[in-house]
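Have a look at the structure below, then the notes.
The values are calculated or read from the model by the stated rules, or taken from the named source; none is laboratory data. None of these values were measured; they are calculated from a predicted model. When we count neighbours, we look across all protein chains shown, and the Cβ atoms used for this are built from the backbone with ideal geometry, even at glycine. What goes into the accessible areas is simple: the full protein's heavy atoms, side chains included, and nothing from ligands, DNA or RNA. Shrake-Rupley method; radii C 1.70, N 1.55, O 1.52, S 1.80 Å.
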Amino acid sequence: MDEVRDGIRAAQDSAQAAVAALEAARGEIEQARPVLMTALKGAMNPRAVSAEVELAQAVEACEEFAGLLRDGSGKFDEYLATVA
């Protein structure tokens with residue numbers, strides 16, 4: 001049973017690291033977005049609108065995936081509570 005708990009804790013650690021990486025990526029996208037959009041719109045690039053939508057979708061995807069990882073980590077906590 002200790003091996004199972006250790007495995008679950010390792011999975012939780014991995015999930016937390018992935019969440020941190022996703023949050024960092026989201027932050028980078030949000031930070032770069034205004035600069036990129038200013039450049040694209042200033043250059044009158046026809047892709048400016050679709051790029052803005054794609055960047056917003058990337059931010060949403062990071063948030064959604066991070067939420068799934070957090071939920072999964074919570075399920076591990078629930079399971080560990082039942083076997084402790």
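Just a few scattered comments:
- Cβ-Cβ contacts under 7 Å between residues 6 or more apart (or on different chains), taken from a first residue in region 16-30 that is buried (at least 16 other Cβ atoms within 10 Å of the Cβ) to a second residue that is not hydrophobic (A, V, I, L, M, F, W, C), are listed as V19/R70; R26/E63.
- Sole exception among (1) surrounded by 14 or more Cβ atoms within 10 Å (Cβ to Cβ); (2) free of Cβ contacts under 8 Å to residues at least 24 places away in the same chain; (3) among the polar types (S, T, N, Q) for Q12, by number: (2)
- Residue within region 1-12 that is farther than 30 Å from V83 by Cα, assigned to a helix (DSSP H, G or I) and of a type in the set (A, V, I, L, M, F, W, C) present: no
- Single residue of region 40-51 satisfying the filter (assigned to a helix (DSSP H, G or I) and open to solvent by less than 70 Å² (accessible area, probe 1.4 Å)) that is nearest to G27 (Cα to Cα): A51
- Tally of residues being within 15 Å of the chain's Cα centre (by Cα) and open to solvent by 60 Å² or more (accessible area, probe 1.4 Å) across region 52-84: 8
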